[in-house]
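Data first, discussion second: the structure below is written as structure tokens.
Quick note: the coordinates plus some simple rules give every number you see, no bench work behind them. Because the structure is a prediction, the values reported are computed rather than measured. FYI the Cβ positions are ideal-geometry reconstructions off the backbone, even for glycines, and counts take in every protein chain you see.
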Amino acid sequence: IVPRTHSWLEIIFRSCLKKKIKYSFMQKIMNDYKQKYDVERIFENDFNNIDIKNFNDIDLFFYDGPHDKENTYNALKKFYNCFSNVSILIFDDANWIGVTEGVNDALRDLNSNIIYSKHILNEIEDASMWWNGLYIVVIEK
């Protein structure tokens with residue numbers, strides 16, 4: 001039974017942290033969605049070079065790219081028109097300086113409505129750690 005104070009996303013993530021498995025969170029998300037939905041996964045590509053013309057109605061966007069304000073901002077600006085009317089956006093390494101600011105600035109400039117937002121952070125920003133927080137945002141265009 002999942003306590004009402006926690007979202008399913010937090011429960012999955014906390015479970016993965018306890019196992020100390022770097023990719024289990026993303027694998028869990030991808031496996032669950034692959035069974036029910038059309039999922040596209042982009043690896044080891046510069047998001048600036050991705051042709052987005054065939055992307056549409058993205059309702060779950062997980063960004064694990066360069067973790068600074070400018071790149072996070074630019075990624076959102078690039079993919080925004082591909083999002084469905086209501087979308088869940090997840091940004092990795094939210095402990096890093098500029099990630100949250102880049103997201104919020106882009107959404108403000110795109111006149112997007114933030115329905116929900118949540119930071120799941122660790123105590124300190126540490127470049128040597130594999131995980132440095134998440135910023136989860138649900139938006140409505």
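Under 12 Å from the Cβ of Leu110, count the other residues' Cβ atoms, weight Lys and Arg +1, Asp and Glu -1, and hand me the total. Don't skip to the answer; put the middle values down first.
Values: positive: Lys77, Lys78, Arg108, Lys141; negative: Asp105, Asp109, Glu140.
Charge balance near Leu110 sits at +1.
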Problem set entry | Histogram of C-alpha separations across the range 77-121, 10 Å bin width, % | 23, 60, 17
For this session: Could you calculate the contour length gain from Asn81 to Ile52, that is, 0.36 nm times the residue separation minus the distance between their Cα atoms, to one decimal place in nm?
Result: 9.5 nm
Seminar exercise, completed: The answer for Ser84, listing residues at least 5 apart or on another chain whose modeled amide H is closer than 5 Å to its amide H, is Asp57, Ile58, Asp59
For this session: Can you tell me the relative contact order of the range 41-93? Whole percent, Cα pairs under 8 Å, sequence separation 6 or more.
Result: 49
